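Accompanying notes for the structure given below.
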Amino acid sequence: MDGSATFPDVTLAILAGGQGTRLGGVPKGLLSVAGLTTMERLRALGSHFADMVLVANVPEPYARFGIRTVADVVKGKGAPGGVHAALGAARTPWVFAVACDMPFVTEAAARRVLDARGADVDAVCIEHEGRWEPLFAAYRAELVTRWGEALAEDPSLRRVLMSFRTKVLPEDALRAVDPELRALANVNTPEDLVRYGVVLPER
């Protein structure tokens, strides 16, 4: 663990779950913006954290980035399973989870969530347009056992979060440092490629 990190008690967890089917099946962490892949951008963000882990069931496309990688412990549960794997792999008391197709997450944006932690809080996320954003969120690593038990019911991430002491921040908390909420942007469709200036990886 890096005690000199900006967030010395937090692991950055990058979830590389989806296969990018709407983008032709590309590994979404290899999408690039301004010459850098989203994985390179998130790895740079990781320098602010004590540790970093990549959750990937198909790790081969990301081997060159040199990030410690784990697979889902409970298979076939989507993002809830990915968060569970990150909690289990954490070497710090807290995890900050992001998706591998989020190119614009910044240290300042992450800080808005991480500064909202408290002794009586298990998780922190942002509410945006009525939806909770569980892949731009902080979690106590000690939730791992109860989280794993919850997976038996195939829950949504929001449903899992509702069973813990979750602090939900209004989107204005993020707008203070990120007026266009770009940190929450993820690239799922061809329209998103155009909107955010994202380039597909070469085949």
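Among the residues of this structure, Val53 does not count as one that is surrounded by 15 or more Cβ atoms within 10 Å (Cβ to Cβ), farther than 19 Å from Met102 by Cα, touching a helix residue (DSSP H, G or I) at 6+ places or on another chain (Cβ under 9 Å) and aliphatic (A, V, I, L, M).
Residues checked against (1) on the phi < 0 side of the Ramachandran plot; (2) surrounded by fewer than 21 Cβ atoms within 10 Å (Cβ to Cβ):
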site	(1), (2)
Ala16	yes, no
Arg22	yes, yes
Val70	yes, yes
Gly78	no, yes
Pro93	yes, yes
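Thr106: hydroxyl-bearing (Ser, Thr, Tyr), touching a residue at least 24 places away in the same chain (Cβ under 8 Å), more than 26 Å from Val73 (Cα to Cα) and touching a helix residue (DSSP H, G or I) at 6+ places or on another chain (Cβ under 9 Å), yes or no? Judged against the criteria, Thr106 is a match.
Okay, residues lined up against (1) under 15 Å from Ala138 (Cα atoms); (2) of a type outside the set (Val, Ile, Thr); (3) touching a helix residue (DSSP H, G or I) at 6+ places or on another chain (Cβ under 8 Å):
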site: Arg165; (1), (2), (3): yes, yes, no
site: Val168; (1), (2), (3): yes, no, no
site: Arg175; (1), (2), (3): no, yes, no
site: Asp178; (1), (2), (3): no, yes, yes
site: Asn188; (1), (2), (3): no, yes, yes
site: Arg195; (1), (2), (3): no, yes, no
site: Glu202; (1), (2), (3): no, yes, no
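Contact map, segment 32-57: residues that are under 18 Å from Glu202 (Cα atoms) and in a strand (DSSP E or B) paired with residues that are modelled with pLDDT under 95 and aliphatic (A, V, I, L, M), Cβ distance under 8 Å, separation 6+ or inter-chain. Pairs shown: Ser32/Val198; Ser32/Val199; Val33/Val198; Val33/Val199; Thr37/Leu30; Thr37/Leu31.
The values are calculated or read from the model by the stated rules, or taken from the named source; none is laboratory data. Given the structure is predicted, the values throughout are model-derived calculations rather than measurements. Every residue, glycine among them, receives a Cβ derived from its backbone with ideal geometry; neighbour counts consider all protein chains shown.
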